[in-house]
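As structure tokens, the structure follows; a few thoughts come after it.
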Amino acid sequence: MSQGAVGIETVDWEAVHRLSFVDEPGCWTSGCQSYCCTHKSDLLAFSILTGGAGMIFFEAEYDYLRASGRLQKGFESHAKRMSYELAPGLHLRFVLSKCELNGICTIRESRPLCCKLYPFLPRVDPATSALTGFVSGTVFDAFWPVLGVPHPCTLAREKADAVQARMKPSLTRLLGHPYFLFHFRAVEILLDRISEGLDALKRAHAGIDARALSRKWELLYLTGKAFDGGRLRADLLHAYSTVAARFPGFEI
């Protein structure tokens, strides 16, 4: 890796994409109906959040894959750059897209990290760079514990311990860099806030069925009301400040 600001190494995205995380050949034959690549479930009744699996890229990852011609088919045409202000002059930037390939990747080895890590994402301690656990890998996965139903993904449901053990060496390597330490913590915070909001919504509507709950949540999510925005911003800013204090010169 080359040196970035104040001695911080520039992320070598080619090396990152050579790392092994979750690799379970043929898992789609386990009866999961390729849930990881479609995010479709008969239990949920979304009206707008349909038509393919949502993709989220760290901005630098997206730029690397685009510049090297390694984006999957259709990703660029659906890409939307997003910016979330943490404080004046400080923004968290990411890219949203969607995948309509239904598991038939055009460049499998260059799938985005959100795919390579699924069905889990790391829980991290920004003060120590420690991997402290795991969180479910998508926004929609927040529904399963709230509804009290098994996770649709066979790996998450039946092989979680083994999969997580295989992920740890590569994740630990990434967490030594402030870029991944902050961005993984940011995703973790967002998923936690969404889970809390969904749980509160269900408690506020006792006895509501899953499909009705998903419709109510979808409206809140699309209007930015599915979580406490003020708390989210404060938590993200605290995470950034913690990482920046340990790695002087770190910028997002």
Problem - Residue among GLU76, GLU61 that is under 23 Å from GLU188 (Cβ atoms), assigned to a helix (DSSP H, G or I) and modelled with pLDDT of 90 or more - result: GLU61
Handout entry: Scope the stretch 167-190; condition among the charged types (D, E, K, R) and out of contact with any strand residue (DSSP E or B) (no Cβ under 8 Å at 6 or more places or on another chain); matching residues
Key = ARG173
Problem - Residue match in the stretch 175-198 (condition: outside any helix (DSSP H, G or I) and out of contact with any helix residue (DSSP H, G or I) (no Cβ under 8 Å at 6 or more places or on another chain)) - result: yes
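If I filter the stretch 112-136 down to residues being of a type in the set (Val, Ile, Thr) and assigned to a strand (DSSP E or B), which single residue comes out as farthest from the chain's Cα centre (by Cα)?
THR132
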Exercise for the section: Take the residues in the stretch 37-88 that are of a type in the set (Asp, Glu) and touching a strand residue (DSSP E or B) at 6+ places or on another chain (Cβ under 9 Å), then tell me which one is nearest to ASN102 (Cα to Cα). Expected result: GLU76
Practice task
Any residue in the stretch 105-122 that's surrounded by 21 or more Cβ atoms within 10 Å (Cβ to Cβ): show its pairings with residues that are of a type in the set (A, V, I, L, M, F, W, C) and assigned to a helix (DSSP H, G or I) at Cβ separation under 6 Å, as long as the two are six or more apart or on different chains.
Solution key: TYR118/CYS36; PRO119/LEU155; PRO119/ALA156; LEU121/VAL187; PRO122/LEU171; PRO122/PHE184
Exercise for the section: Collect the residues in the stretch 199-230 that are in a helix (DSSP H, G or I), of a type in the set (Gly, Ala, Ser) and under 19 Å from the mean Cα position of the chain (by Cα), keeping them in residue-number order. Expected result: GLY229
Exercise for the section: Give ILE48, ILE56 a once-over and let me know the one that is of a type in the set (Val, Ile, Thr), part of a loop (DSSP other than H, G, I, E, B), surrounded by fewer than 19 Cβ atoms within 10 Å (Cβ to Cβ) and modelled with pLDDT under 95. Expected result: ILE48
Fill in the blank from the handout: When restricted to THR172, THR154, the only residue buried (at least 18 other Cβ atoms within 10 Å of the Cβ), out of contact with any Asp or Glu (no Cβ under 8 Å at 6 or more places or on another chain) and among the hydroxyl-bearing types (Ser, Thr, Tyr) is THR154
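One line per residue, one yes/no per condition, for (1) in contact (Cβ under 8 Å) with a residue 40 or more places away in the chain; (2) touching a Leu at 6+ places or on another chain (Cβ under 8 Å):
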site	(1), (2)
ALA186	yes, yes
LEU190	yes, yes
ILE194	yes, no
ASP199	yes, no
LYS202	yes, yes
HIS205	no, yes
ALA210	yes, yes
SER214	yes, yes
LEU219	no, no
Practice task
State which residue is nearest to LEU236 (Cα to Cα) when the search covers only the stretch 211-220 and only residues that are surrounded by fewer than 19 Cβ atoms within 10 Å (Cβ to Cβ) and of a type outside the set (Asp, Glu).
Solution key: LEU220
Exercise for the section: Can you confirm whether the stretch 157-165 contains a residue that is in a helix (DSSP H, G or I) and closer than 20 Å to LEU44 by Cβ? Expected result: yes
Exercise for the section: Please tell me if LEU155 is closer than 27 Å to GLU59 by Cα and within 19 Å of the chain's Cα centre (by Cα). Expected result: no
Problem - Answer residue from the stretch 1-45, given it is assigned to a helix (DSSP H, G or I), among the β-branched types (Val, Ile, Thr) and crowded, with 17+ Cβ neighbours inside 10 Å and is modelled with the lowest pLDDT among those - result: THR38
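The values are calculated or read from the model by the stated rules, or taken from the named source; none is laboratory data. Treat the numbers as computed from the prediction; the structure is a model and nothing was measured. Glycine gets a Cβ as well: all are built from the backbone with ideal geometry, and neighbour counts include every protein chain shown.
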